[in-house]
Amino acid sequence: MFLTDTLANPDASATIARFVPVPGGLIPALHALQHRFGYVDRRLIPELAEAFNVTDAEVHGVITYYPDFRTQPPKGPIVQVCRAEACQARGGRSLHAELADRVGDDAELVDVYCLGNCALGPSAAVDGTLLAHATADRVVSVVRSRRSEQPVERSEQGAAPDPSAPVVYVPRDAAARSVGADAVADAFAAAGARVVRNGSRGMLWLEPLVEIVTDRGRVAYGPVAPADVSAILDDRDRHHLHLGPTDELPWMARQRRVTFARVGVVDPRSSDDFEDHGGNIGLRTALAMEPGAVVTEITESGLRGRGGAAFPAGIKMRTVLDAPGDQKYVVCNADEGDSGTFADRMLIEGDPFTLIEGMTIAGWATGASEGYVYIRSEYPDAIDALEAAIEAAEARGWLGDSVLGTGFAFRLHVRVGAGSYVCGEETALLESLEGKRGEVRAKPPLPALAGLWGKPTLVNNVITLATMPMILADGGAAYSALGSGRSRGTCTVQLAGNIAHGGLFETEFGTPLGELIDDIGGGTASGRPVRAVQVGGPLGSYLPVEQLGLGMDYEELSGAGALLGHGGVVVFDDTVDMAAQARFAMEFCAVESCGKCTPCRIGSTRGVELIDKITAGVDREANIDVLVDLCEVMTDASLCAMGGLTPMPVRSALTHFTEDFQHERHDEEVSA
């Protein structure tokens, strides 16, 4: 089909027209077209180009850049299979290979590099429905049911429960739903209980974790199945799933929850519940201060960027505040694409009003009147939660022309990504927000001076922004009193991969990795010895057991040639092939590179080829030397961290697991 072909479709034209007034509206329009028709017909390119005042080639470039957009009708249900490291550690390679053989023409099989369910892998999703501990049989069964049946909408409305009935909390977190929380909630409602859908407490291996309100507080049970509901209600104290008061469980009692203080406690769809648990105290405090004083408080707290760069949040805010400009923006980077990380997702699904509060504080402190949350398309539950919370906040006067009646105007918008990992880099994200290909910008200028549409822009991660309300409520000194060395405050550790007790654990910086994995996490899920741990996502180093005494601290990990990143910890047992993991690091970079710089675009492809030669025994020592040189070039010459940090997992695998590069590896070993 030629780009000069056109399509007359009034329905499509009406869909496109809705987004013409929207800044950067091309990508939202493409999402809407695909949602409506199942794909984006290439014959609409000329109409899209005219509507958004760009060339046909630019529209084509955007469509083909983002993996989410399809230009042909799908064969059937969309099956996303996670290929990232956390799922590989739990058999993800085998799942992917088996589904590639079995799905055939029944569905559209799509590779995805993280679904945010990293503690319950391997994970897959069918038409957006997340499946934990996925097997090929289960995925194929879901696909067949989707093809043969009409989807049935769940309804949370029903007869009003008896006011004297027990109050039961059942998480609506995506991870909990992936193991059947919706059916459990329905079963409790059918039994007459008053059901509240909260966020997850972070003990993901116990999901669905149910809490019943008692005179002693909330008491936990888990993991609960629908068949357990009647027996739990009949004999709460002696049921075998009875765990005890939630706050007294070791996982909870050993944490220092600050950012996640309300997650799992409140109903994330209730603005009243949010305020009843201290919501908006930080915002009210900030609005009573001068913007510069708010920035000073954040600076003195020692808060650093939680997305991975660890840049001091207060310095970045001060730069935006001092920058001249009649329009400024706050942008939240919720493009949480690192394997082993899910803190952003859990926060948005479990306490979205806190993110709204933090962004509004940031807007006041920097002089910004508009904010954007850029969230990955792989998080449909988080998108729904955030949009519902923004609507409620607008209704309450927490957003809009006069926030809390102060005359300060601040509005929030949600923008959904389209499957590009590189859009987690702040300048690529800004390009995507503007409706373009998500390619990295050269710096300078910094986004703080010339960011979104050339205006001063504060770009921060979800956890960074969501921590600001707590700092303003309790004071910067209280937050700074926590932590280790220059790493102040708390770290939201996400335990993932081959781990017995995976989940989110918020603790002060400095907690040793070995303690988190063996003591808190219970060791491997397989029961086999730990062999390697990847900290900081797919660009992070692989650490051997000899280095698990390192603390979760920016400087301590950096001094050991590693990085903390977003706080993800992916555990592998002694069956892992580290040469295969090094190869995957290069393969992932080749797939996800934006293509703008040669060291990343070409270097990653050459890296895959070199590792294949090494493991095939072809001039092994010479090719290892070339691989080391290639890593140096990528590190020094890449435009952003995608190419610059990809050598980190490769070098660490070569250094600590040299023996895995010294034997020939067969294809069946790689897929095991």
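The values are calculated or read from the model by the stated rules, or taken from the named source; none is laboratory data. In this text the structure is predicted, and so the values were computed from the model without any measurement. All Cβ positions, glycine included, derive from the backbone under ideal geometry; neighbour counts span all protein chains shown. Side chains are part of the model used for accessible areas, which takes the heavy atoms of the whole protein and leaves out ligands, DNA and RNA. Shrake-Rupley method; radii C 1.70, N 1.55, O 1.52, S 1.80 Å.
If you take the residues in region 272-303 that are within 26 Å of the chain's Cα centre (by Cα) and among the small types (Gly, Ala, Ser), which one is surrounded by the most Cβ atoms within 10 Å (Cβ to Cβ)?
Selected residue: Ser301.
Quick test for you: out of Ala32, Ala86, pick the one residue that is more than 19 Å from Asp11 (Cβ to Cβ) and outside any loop (DSSP other than H, G, I, E, B).
Going through Ala32, Ala86 in turn, just one is more than 19 Å from Asp11 (Cβ to Cβ) and outside any loop (DSSP other than H, G, I, E, B): Ala86.
Starting from region 222-250, take each residue that is farther than 16 Å from Pro166 by Cα and list its partners that are open to solvent by less than 30 Å² (accessible area, probe 1.4 Å) and among the acidic types (Asp, Glu), counting only C-beta distances under 7 angstrom and pairs at least six apart or across chains.
Close Cβ pairs (under 7 Å, with a partner that is open to solvent by less than 30 Å² (accessible area, probe 1.4 Å) and among the acidic types (Asp, Glu)) amount to Gly222/Glu207; Pro223/Glu207; Thr246/Glu211.
Quick one: in region 416-460, of everything that is charged (D, E, K, R) and closer than 24 Å to Leu321 by Cα, which residue is surrounded by the fewest Cβ atoms within 10 Å (Cβ to Cβ)?
Among those that are charged (D, E, K, R) and closer than 24 Å to Leu321 by Cα, it is Lys443.
Taking Thr360 as the residue in question, decide whether it is under 30 Å from Gln88 (Cα atoms) and crowded, with 24+ Cβ neighbours inside 10 Å.
Spelling it out, it is not the case that Thr360 is under 30 Å from Gln88 (Cα atoms) and crowded, with 24+ Cβ neighbours inside 10 Å.
Filter region 352-380 for residues that are part of a helix (DSSP H, G or I) and either out of contact with any strand residue (DSSP E or B) (no Cβ under 8 Å at 6 or more places or on another chain) or free of Cβ contacts under 8 Å to residues at least 60 places away in the same chain (or both) and give the result.
Pro352, Phe353, Thr354, Ile356, Glu357, Gly358, Ile361, Gly363, Ala365, Pro380
Checking the condition in a loop (DSSP other than H, G, I, E, B) and either open to solvent by less than 20 Å² (accessible area, probe 1.4 Å) or touching a residue at least 12 places away in the same chain (Cβ under 8 Å) (or both), which residue from Glu387, Glu336, Glu349 passes?
It is Glu336.
Within region 246-272, restricting attention to residues that are of a type in the set (Gly, Ala, Ser) and outside any loop (DSSP other than H, G, I, E, B), which residue is farthest from Gly192 (Cα to Cα)?
The residue in question is Ala253.
Would you say Ile602 is under 30 Å from the mean Cα position of the chain (by Cα) and free of Cβ contacts under 8 Å to residues at least 12 places away in the same chain?
yes
May I ask you to list the residues in region 565-583 that are closer than 21 Å to Phe657 by Cα and either modelled with pLDDT under 95 or of a type in the set (Val, Ile, Thr) (or both)?
Passing the criteria: Val569, Val570, Val571, Thr575, Val576.
Which of the numbered conditions does Ala409 fail, given that it passes all the others? Conditions: (1) hydrophobic (A, V, I, L, M, F, W, C); (2) over 18 Å from Gly367 (Cα atoms); (3) surrounded by fewer than 18 Cβ atoms within 10 Å (Cβ to Cβ).
Unmet for Ala409, out of (1) hydrophobic (A, V, I, L, M, F, W, C); (2) over 18 Å from Gly367 (Cα atoms); (3) surrounded by fewer than 18 Cβ atoms within 10 Å (Cβ to Cβ): (2).
Spot the failing condition for Pro77; the list is (1) closer than 20 Å to Thr15 by Cα; (2) touching a residue at least 12 places away in the same chain (Cβ under 8 Å), and only one is missed.
Against the list (1) closer than 20 Å to Thr15 by Cα; (2) touching a residue at least 12 places away in the same chain (Cβ under 8 Å), Pro77 comes up short only on (1).
Quick check, is Ala323 of a type in the set (Gly, Ala, Ser) and buried (at least 24 other Cβ atoms within 10 Å of the Cβ)?
No: the conditions fail for Ala323.
Consider region 63-74. How many of its residues are among the polar types (S, T, N, Q) and either buried (at least 19 other Cβ atoms within 10 Å of the Cβ) or without any contact (Cβ under 8 Å) to a residue 12 or more places away in the chain (or both)?
1
So is Cys118 under 26 Å from the mean Cα position of the chain (by Cα), in a loop (DSSP other than H, G, I, E, B), in contact (Cβ under 8 Å) with a residue 40 or more places away in the chain and over 22 Å from Gly595 (Cβ atoms) or not?
Considered against the rule, which asks whether it is under 26 Å from the mean Cα position of the chain (by Cα), in a loop (DSSP other than H, G, I, E, B), in contact (Cβ under 8 Å) with a residue 40 or more places away in the chain and over 22 Å from Gly595 (Cβ atoms), Cys118 comes out as yes.
Contact list please: Cβ distance under 7 Å, first residue in region 129-145 and in contact (Cβ under 8 Å) with a residue 40 or more places away in the chain, second residue among the charged types (D, E, K, R) and not in a strand (DSSP E or B), pairs at least six apart or on different chains.
These pairs meet every condition: Leu130/Arg177; Leu131/Arg138; Ala136/Glu98; Ala136/Arg102; Val140/Arg102; Val143/Asp106.
Can you tell which of Arg83, Arg36, Arg43 is in contact with an Asp or Glu (Cβ under 6 Å, 6 or more places away or on another chain), open to solvent by 60 Å² or more (accessible area, probe 1.4 Å) and either in contact (Cβ under 8 Å) with a residue 24 or more places away in the chain or under 30 Å from Pro122 (Cα atoms) (or both)?
The unique qualifying residue is Arg43.
Mind telling me which of the residues Gly475, Gly454, Gly483 ends up being more than 23 Å from the chain's Cα centre (by Cα) and under 16 Å from Ala362 (Cα atoms)?
None of the others qualify; the one that does is Gly475.
Could you tell me which residue of region 535-561 is least open to solvent (accessible area, probe 1.4 Å), considering only residues that are over 21 Å from the mean Cα position of the chain (by Cα) and of a type in the set (Gly, Ala, Ser)?
Among those residues, the one meeting the criterion is Gly551.
Restricting the search to region 86-110, which residues are free of Cβ contacts under 8 Å to residues at least 40 places away in the same chain and among the acidic types (Asp, Glu)?
Matches in region 86-110: Glu98, Asp101, Asp105, Glu108.
Per-residue answers, yes or no, for (1) open to solvent by 20 Å² or more (accessible area, probe 1.4 Å); (2) within 30 Å of Ala286 (Cα to Cα):
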residue: Ile471; (1), (2): no, yes
residue: Arg488; (1), (2): yes, yes
residue: Phe505; (1), (2): no, yes
residue: Phe509; (1), (2): no, yes
residue: Pro512; (1), (2): yes, no
residue: Ile517; (1), (2): no, no
residue: Thr524; (1), (2): no, no
residue: Arg531; (1), (2): yes, no
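So the check is Cβ under 6 Å with 6+ separation or different chains; which pairs have a first residue in region 319-331 that's in contact (Cβ under 8 Å) with a residue 40 or more places away in the chain and a second one that's among the hydrophobic types (A, V, I, L, M, F, W, C) and open to solvent by 40 Å² or more (accessible area, probe 1.4 Å)?
Ala323/Leu449
Please work out which residue is farthest from Cys332 (Cα to Cα), limiting yourself to region 390-411 and to residues that are touching a residue at least 12 places away in the same chain (Cβ under 8 Å), part of a loop (DSSP other than H, G, I, E, B) and not hydroxyl-bearing (Ser, Thr, Tyr).
Top of the filtered list is Phe408.
Going through region 25-62 one residue at a time, which ones are in contact with a Leu (Cβ under 6 Å, 6 or more places away or on another chain) and over 16 Å from Glu434 (Cβ atoms)?
Val40, Asp41, Arg43, Leu44, Ile45, Asp56
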